[in-house]
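The structure appears below as structure tokens.
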Amino acid sequence: MLLQMKGITKRYGSLTANSGVDFSLEAGEVHALVGENGAGKSTLMRILYGEEQPSEGRIYMNGTEQSFSSPSDAIAAGIGMVHQHFMLFPSFTVAENIVIGREPKAGVTFDRKAAAEQVKALSEKYGMPVDPWAKVAECPVGVQQRIEILKVLNQGAKIVIMDEPTGALTPLEVEWLLKAIKRLSEQGISFILISHKLHEVLDSSERITVLRDGRVTGTVRAKDTDALQLSSLMVGRELVKLEKKHMVPGQPILDVQQVTVRGGKGAKPLLDQVSFQVRAGEIVGVAGVSGNGQSELLQAVTGLRRIDVGKVALSGQDVTGRSPFQFREAGLAHIPEDRYMWGSAKEESVTDNGLMGHLRSFSKGGILRKSQIRQTMADWVRSFNIKTGSLDTKAGHLSGGNMQKLIVAREMAHGTPFVIAAEPTRGVDIGAMETIHEALLKRREEQGAILLVSSELTEILKLSDRILVLFEGRIAGELTAEEATEEQISILMAGGEQR
Amino acid sequence: MRRLNWSTYAQALLMPLAAILLGLLVGAIAIWTVGGSVLTTYQEMWKGAFGSFYFTTSTLTRAVPIIFAALGVSLAFRAGFFNLGAEGQMIFGALAAALAALYVPGPGVVKMLAAIVAGMLAGGLWSTLAGWLDTKFRMNLLITTLLLNYIASLFAGYLVAFPLKEKGGSGGAQTAMLDKSVWMPKLFDGMTLHAGFIVAIVIAVLLALFLRYTTKGYEIRMLGSNPLFAAYGGVNRGRLMLMSMMMSGALAGLAGTFEVLGTQYRYIDNMLSTPGYAWSGIMATLLAGSNPIGSVAAAILLAALQTGGMGVERNTEVPLEISSVIQSSLILFVSARITFSFIKRKKARAADGHSA
Amino acid sequence: MDTLLDWSLLSSTLRTVAPLLLAALGGALCARVGIFNVALEGMMLTGAFTAILGNYLFGNVLLAILFACVCVGVLALLFGYLSIQLQANAIVVGTAMNFLATGLTAFSLFAIFGVKGQYYDQTMKGLPKWDIPLIKDIPVVGDVLSGHTPLVYLAFVLAAGLQYLMFRTVMGFRLMAVGENITAAKSLGIRVRRYQYGAVLASGILCALAGAQLSLGQVTLFAENMTAGRGFIALVATMLGQSSPLGVTASSLLFGFMDAISIRLQGFSLPTHFTMMLPYVITIVVMLFFKDKSYLRQSGRMDSK
């Protein structure tokens, strides 16, 4: 056995991220690690790569015990990691990015020519073509990933950890990558793939280990299992279709017409002539591999980004080119995709975080109505079961799930006709997820129009009345809740044709 | 829930107190190295600052411009803008106030009000210029405010050395003396403390209330805490930046105004740069973590160290610069612990390689 | 002093540019590892004072410069400790360091020399002026290039050396990697902190040299606050030169030239205020045209957008 991790436990304070995890890897094997967000996949791999120290447990390579106190130790032992967010230097050349850390030298000088030749030889050996002299910033994402893999191989890695390797790739690039992984594994390189895309995992790996809540719920051979079994191991329960009241959609609330957002010079548009409506009393889900225009769409329909072409109307009011403030005035509430970047101010109190975006209803003549505010906040804390020390606790001290509940409470409280819910349950526990889903469905019953953007297909399928699939900035297809299946959406997400 | 507040207040107080102790410790070492008696020196320092009613009021007089500058800087810091231009804003405020008091016709009260308005406007506009350069051309505010200080100081210096120079005066670069009717009333007979001190305290309280209880104050705090969150919530960064820079500069302008109306009764070249009021104001702000009421306390503390230093120099062998050593080590200790929320915002850059 | 422009203007440019260039190179090194060093001013001032002090103590300019380098090096390490180790905001710490330098030098001036304002000793020897053989005999060129202090020449040699270090050596490559993407550099096992400390320490030494050129090269005295904002101008030169040593040399030359011109203009009995203002105005105008690099914009602002 090339690698064995035994009884790995990792605690952060009261939180246990990994609990008694066993994991093994053979030479030339592709072993996938799957699980939902927050299941502990990344923590386990950070431990293997020396970025975190386990609270308990041991790591063996070829039978000898290892201890990695830093990534350098792991690299020296032949473990390489391709992070989800690439660790590249955009203004450096491809060759520079690959050889960094073990640069060819002539005296003290960095022999860039030798580096380029070395990279060329490496890329030929492993059949991964790159241009050594190109600037990384100018390489497409697929090539950037290739650079990352070559860098790891150049470090002498025998084990390559890849964190969500296909998240930002186009279908062609995904196909290429999976083939490359196969080829490399035949050359003796072992892979650990962290993923939550079951189909890819089933296609490309030999064994699959499933994590849930920090524990291993099963290690299975890919050829002996299927997506259904894996997903039940992942979520620990059968997927139930939520009872949704039948609603007849009313007036269009959000009307997006031919919206285009241009990319950088020479690049493809980020959003390409996107048109759709969200009507009162319906939830429209937007699915897609992340990076296919979801963020741009969210920013375009909230006023956070100027659109180059097209029109956006909210509650019958043309809000094209208006500021976020005017969008909110026209009746927008917005659960943002990144709760810390956009959705909160960590250093400020729970109360202050609860006011944002709705100052008008909390103030009179420019003065904040403190007692009314405290009353309302206390109500939210109660009804959404937000665990907080007090209303004056810094928002940064709340757990992710409680922070998210606070944001949802804030955005649902004002009964706006239109709600954007972007990744509303990312990284929250099941309980919080149910609370949030109930809140969204309740708003739907109150004739609210909801645009749901999520990378969790199960969530989209569970809540949406209609589903739009974004692919490369375009709407690749539209499905009704009745006809949509996970498979069909996946095909559209990958740029395939609607059947 | 109320009780929890007290412990946070206590914690907020603990850090400055520890810093003060450490500052005094460093000061003690400095005194010891020059062969002075630490105890005597600190006694003299206390006497120089608060030893008598006269010294106490002098300390408070010195604190007035520092308080105003600190309040201005606090406001900008709260909004997330590193306004280091208090000196220039103060200088133009002082000059404009002097000119208004000299040349606006009418009774003393009218002149006085005109001077105050002119001082606020001049400081505010000079500060807004830096804000405008930032919003319009994305020019680094920290650098522009610094550069504008030099420009303001030299320009004001030119004006009082040539076109506006006192006719037939002693020859120094200064404007004519203001009419007695526009002098700020003194609070106590024979003491230097003037009504500007009351105004400073009132404004500090108003500013604290403004930040805490108004929607604009709320927006300013959120903008400083997380600008993306503010943008998401519909806060207009450009407009709010100009507004907070205007207010910040106007407060610095008031520092200059009250120095002219309450202490010097004219604009004299370098009257504000030499005592370093603006930098003391910035120090006070850092010391108080941009809290307006705390800034008042910190400003008085710094003023006390400065007047105390003069006392030390009068009565011991230790030079008055001992107070700048204490002040700067104090601020260094505080800054080591300061983790304004804006420090760790480089996450976005790490993801650069990811999204092409 | 008949004409506004003549060759001696270039000679005085070289003289005034040296401290600026030395400090700006220090700023560039720091910027390249992701630290915005506002403390250049204070470090330069400390350098100027300790150079005089060293000269007074040892009676030898070489030892004086070494002494200055050690003293400012300690100060730089303090700056590094606070901003790298304790993760305090480099701008706040830098500002505090500037206060500390002003206070300490003024205090020590009195404590050691017993004077206020400035210290001047007629018998004290400043830096020698080097006549470069051969070059000094060439008309015009000799007048411009020859007869400067060793530190002036050293400044340009260091600029060339740093250019080589950054863009040709492995060490420079890794240094730039730290500034470009610190997380990535860390994940590769590059000892990020070592590079950051190294850069901060080097900037301290460069500022010490800059200060020594001010107090022992151009004149032989120390005056309170004698750097008069040169450290901040050096900071701007760093940004203008995009933190590359050659670029920084070019921008420092521009500022030095403006400085020399404004001194020249004083000879024409124009009010000196405007001539002294010129470098600052030009800096602002120049900033308008040269957008600073993103990492400096990041660190100079308190927000990210």
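Tabulated results
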item: Any hit, segment B:234-255, residues being closer than 30 Å to B:Y42 by Cβ and touching a Pro at 6+ places or on another chain (Cβ under 8 Å); result: yes
item: Criterion violated by A:I149 - all others in (1) farther than 22 Å from C:N181 by Cα; (2) β-branched (V, I, T); (3) surrounded by 16 or more Cβ atoms within 10 Å (Cβ to Cβ) satisfied; result: (1)
item: Those helices (runs of 4 or more DSSP H) lying entirely in segment C:36-126 with at least 2 residues on the phi < 0 side of the Ramachandran plot, open to solvent by 10 Å² or more (accessible area, probe 1.4 Å) and in contact with a strand residue (DSSP E or B) (Cβ under 9 Å, 6 or more places away or on another chain); result: C:40-58, C:90-113
item: Residues satisfying the stated conditions in segment A:43-74, i.e. over 27 Å from the mean Cα position of the chain (by Cα) and at the interface with chain C (Cβ under 8 Å from one of its Cβ atoms); result: A:S72
item: Residue, farthest from the other protein chains (Cβ to nearest Cβ), within segment A:75-92, restricted to residues that are assigned to a loop (DSSP other than H, G, I, E, B) and aliphatic (A, V, I, L, M); result: A:A77
item: Identity of the residue in segment C:227-249, under 28 Å from C:L104 (Cα atoms) and open to solvent by 30 Å² or more (accessible area, probe 1.4 Å), that ends up farthest from the other protein chains (Cβ to nearest Cβ); result: C:R230
item: Flag if B:S153 is buried (at least 19 other Cβ atoms within 10 Å of the Cβ), modelled with pLDDT of 95 or more and in a helix (DSSP H, G or I); result: no
item: Residue identified as over 30 Å from A:P90 (Cα atoms), open to solvent by 10 Å² or more (accessible area, probe 1.4 Å), touching a Ser or Thr at 6+ places or on another chain (Cβ under 7 Å) and modelled with pLDDT under 90 among B:S324, B:S290, B:S341; result: B:S324
item: Elements of type strands (runs of 3 or more DSSP E) contained in segment A:30-74, each with 3 or more residues being open to solvent by 10 Å² or more (accessible area, probe 1.4 Å) and either under 18 Å from A:T219 (Cα atoms) or in the same structural domain as A:E206 (by TED's automatic domain parsing) (or both); result: A:56-61, A:64-66
item: Selection from segment A:165-174 of residues that are at pLDDT 80 or above and out of contact with any Leu (no Cβ under 9 Å at 6 or more places or on another chain); result: A:E173, A:V174
item: Selection status of B:A98, modelled with pLDDT of 95 or more, of a type in the set (G, A, S), farther than 12 Å from B:V260 by Cβ and crowded, with 24+ Cβ neighbours inside 10 Å; result: no
item: Residue in segment C:1-9 that is within 20 Å of the chain's Cα centre (by Cα) and open to solvent by 10 Å² or more (accessible area, probe 1.4 Å) present; result: no
item: Single residue of segment B:19-31 satisfying the filter (modelled with pLDDT of 90 or more and open to solvent by 50 Å² or more (accessible area, probe 1.4 Å)) that is nearest to the other protein chains (Cβ to nearest Cβ); result: B:I29
item: Qualifying position, being out of contact with any Phe, Trp or Tyr (no Cβ under 6 Å at 6 or more places or on another chain), modelled with pLDDT of 95 or more and open to solvent by 30 Å² or more (accessible area, probe 1.4 Å), among B:R62, B:R3; result: B:R62
item: Close pairs from segment A:383-397: first among the polar types (S, T, N, Q), partner open to solvent by 30 Å² or more (accessible area, probe 1.4 Å), Cβ under 7 Å, at least 6 apart; result: A:N385/A:T435; A:T388/A:V381; A:S390/B:M1; A:S390/B:L4
item: Tally, over segment A:294-324, of residues that are small (G, A, S) and either touching an Asp or Glu at 6+ places or on another chain (Cβ under 7 Å) or assigned to a strand (DSSP E or B) (or both); result: 3
item: Residue list for segment B:211-227, restricted to those being free of Cβ contacts under 8 Å to residues at least 24 places away in the same chain and either of a type in the set (G, A, S) or open to solvent by 10 Å² or more (accessible area, probe 1.4 Å) (or both); result: B:R212, B:Y213, B:T214, B:T215, B:G217, B:E219
item: Cβ pairs under 7 Å, 6+ apart, first in segment A:482-499 and part of a loop (DSSP other than H, G, I, E, B), second of a type in the set (G, A, S) and modelled with pLDDT of 75 or more; result: A:G495/A:A476; A:Q498/A:G477
item: Subset of segment C:127-147 (residues that are surrounded by fewer than 16 Cβ atoms within 10 Å (Cβ to Cβ), of a type in the set (V, I, T) and part of a helix (DSSP H, G or I)); result: C:I135, C:V141
item: Number of the condition not met by B:M245 [criteria: (1) among the hydrophobic types (A, V, I, L, M, F, W, C); (2) touching a residue at least 12 places away in the same chain (Cβ under 8 Å); (3) within 14 Å of another protein chain (Cβ to nearest Cβ); (4) open to solvent by 10 Å² or more (accessible area, probe 1.4 Å)]; result: (4)
item: Filtered residues of segment B:264-275 (kept if crowded, with 19+ Cβ neighbours inside 10 Å, under 17 Å from the mean Cα position of the chain (by Cα) and farther than 14 Å from B:Q89 by Cβ); result: B:M271
item: Flag if A:S14 is at pLDDT below 90, more than 24 Å from the chain's Cα centre (by Cα) and either open to solvent by 40 Å² or more (accessible area, probe 1.4 Å) or not assigned by TED's automatic domain parsing to the domain that holds A:L122 (or both); result: yes
item: Checklist (1) within 14 Å of another protein chain (Cβ to nearest Cβ); (2) in a helix (DSSP H, G or I) applied to C:S252, failing item; result: (1)
item: Which numbered condition C:D303 fails, given (1) within 22 Å of the chain's Cα centre (by Cα); (2) facing another protein chain (nearest Cβ under 7 Å); (3) at pLDDT below 75; result: (1)
item: Residue identified as away from chain A (no Cβ under 14 Å) and surrounded by 24 or more Cβ atoms within 10 Å (Cβ to Cβ) among B:A230, B:A298; result: B:A298
item: Filter result for the condition that a residue is touching a Cys at 6+ places or on another chain (Cβ under 7 Å) and modelled with pLDDT under 95, over C:N60, C:N37, C:N98, C:N89; result: C:N37
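The values are calculated or read from the model by the stated rules, or taken from the named source; none is laboratory data. In this text, all values refer to a predicted model and were calculated from it rather than measured experimentally. Here the Cβ is made from the backbone with ideal geometry for all residues, glycine too, and neighbour counts use every protein chain on show. To get the accessible areas, we keep the full protein, side chains included, count just its heavy atoms, and leave off ligands, DNA and RNA. Shrake-Rupley method; radii C 1.70, N 1.55, O 1.52, S 1.80 Å.
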